[in-house]
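Asks: This is the structure I have questions about; it appears just below.
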Amino acid sequence: MEHQLSRLHLILLLLFVAVAGGNAQVRILDEFENSNGWSYNLSDGVIMNHSTEKGVTGNAIRIDYDFTKGSGYGGMQKCFPVELPDNYEFTFWLKAESPSNNFEIKFIDSTGNNVWWVNNRNYTFPVEWRKIRIKKRHIEFAWGPVEGREPERFYRIEFTVASFVGGRGTLWIDDLRFEPLPPEKNSWPAPALSASSSARRHCASLVV
């Protein structure tokens with residue numbers, strides 16, 4: 001009995017260490033308790049203001065934009081130097097009162113000349129809080145002289161609204177985080193096919 005209890009205690013301890021170690025890898029980039037460090041990147045004819053309001057875990061940053069000429073872009077960026085492991089994800093909470101404009105999340109290197117992004121064109125913004133997950137495979141090269149190279153680090157992150165239909169709107173963003181992830185699988189087990197009929201086997205064999 002004592003041996004079983006000791007073994008159980010050991011298993012629980014290992015589980016606790018594993019969970020604690022995994023949580024320790026998560027890096028909170030910005031909880032948005034204030035808007036310190038954020039700066040604007042605007043085209044002509046775009047007005048953008050920001051403030052803080054109640055969010056998911058505390059405060060959130062509120063971003064109000066107005067395409068006064070019907071086109072252009074407005075972004076807010078901040079310095080977050082991040083060394084990139086083999087696999088990772090960024091997460092944040094988002095809600096908005098906005099027409100379906102383009103929503104871009106940009107990742108910029110230290111030179112400012114090389115940009116990677118997630119470009120959501122004609123984006124339907126969530127009207128209630130939604131957790132957004134951006135995995136490594138979602139991020140594409142946008143422009144710059146290092147095209148074709150895998151990024152080793154990001155220096156700035158920018159949230160941008162670019163005109164698709166124009167107008168004005170408001171975004172709330174909260175709890176921006178970065179987390180290393182285990183390597184993704186490059187191969188998957190072959191599906192088990194049913195032998196109930198030759199027709200079903202034939203159809204299944206066409207699925208890739």
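The values are calculated or read from the model by the stated rules, or taken from the named source; none is laboratory data. All figures in this text were calculated on a predicted structure; none of them were measured in a lab. Virtual Cβ from ideal backbone geometry, glycine too; neighbours counted across all protein chains shown. Remember, those area values only see protein heavy atoms, side chains included, never the ligands or the DNA or RNA. Shrake-Rupley method; radii C 1.70, N 1.55, O 1.52, S 1.80 Å.
Asks: When the scattering of region 69-133 is computed by the Debye formula from its Cα atoms alone, each counted once and equally, what is log10 I(q)/I(0) at q = 0.22, 0.26 Å⁻¹?
Replies: -1.18, -1.38
Asks: Which whole-angstrom value gives the distance between the alpha carbon centres of region 132-189 and region 45-59?
Replies: Cα centroid of region 132-189 versus Cα centroid of region 45-59: 20 Å apart.
Asks: Show Asp174, Asp44, Asp64 ordered by accessible area, largest first, where the area counts protein heavy atoms only and the probe is 1.4 Å.
Replies: Order by accessible area, largest first: Asp44, Asp64, Asp174.
Asks: Just to be sure I follow: if Rg is taken over the C-alpha atoms of region 13-166 and Rh is the Kirkwood radius over the same atoms, what is Rg/Rh?
Replies: Answer for region 13-166: 0.99.
Asks: Where does each of Glu53, Glu147 land when they are ordered by accessible area, with a 1.4 Å probe and the largest first?
Replies: The most accessible residue leads, giving Glu147, Glu53.
Asks: Which entries in Lys69/Lys95; Lys106/Lys136; Lys54/Lys95 show an alpha-carbon gap greater than 23 Å?
Replies: Beyond 23 Å: Lys69/Lys95.
Asks: So between Asn102 and Arg168, what do we pick up on full extension, going 0.36 nm a residue minus the alpha carbon distance?
Replies: Using 0.36 nm per residue and subtracting the Cα-Cα distance, I get 22.5 nm.
Asks: List the trypsin sites (Lys or Arg not before Pro) in region 24-101 that DSSP assigns to loop (not H, G, I, E or B) and whose Cβ has at most 14 other Cβ atoms within 10 Å. Which are they?
Replies: Lys69
Asks: Return one whole number: the accessible area per residue of region 130-179 in Å², for a 1.4 Å probe.
Replies: 56
Asks: So what's region 36-90 giving for Cα Rg divided by 2.2 N^0.38 Å, two decimals?
Replies: Its radius of gyration relative to the 2.2 N^0.38 Å reference: 1.46.
Asks: First compute the accessible area of region 46-137 with a 1.4 Å probe, then give the percent of it belonging to carbon and sulfur atoms.
Replies: 44
Asks: Starting from the residue with the highest accessible area, list Thr68, Thr160, Thr52 in decreasing order, probe 1.4 Å.
Replies: Thr68, Thr52, Thr160
Asks: Another question, if that's okay. Would you mind classifying region 128-179 by shape? Square roots of the alpha carbon gyration tensor eigenvalues, ordered a ≥ b ≥ c; an a/c under 1.5 is rounded, otherwise it is prolate if a/b is larger than b/c and oblate if not.
Replies: Cα axes put region 128-179 in the oblate bin.
Asks: When only DSSP loop residues count, what trypsin sites (Lys or Arg not before Pro) in region 98-170 have their Cβ near at most 12 other Cβ atoms within 10 Å?
Replies: Those satisfying the criteria are Arg121, Arg149.
Asks: Enter the accessible area of Glu104 (Å², nearest 10), with the probe set to 1.4 Å and all protein chains included.
Replies: Looks like 20 Å² after rounding.
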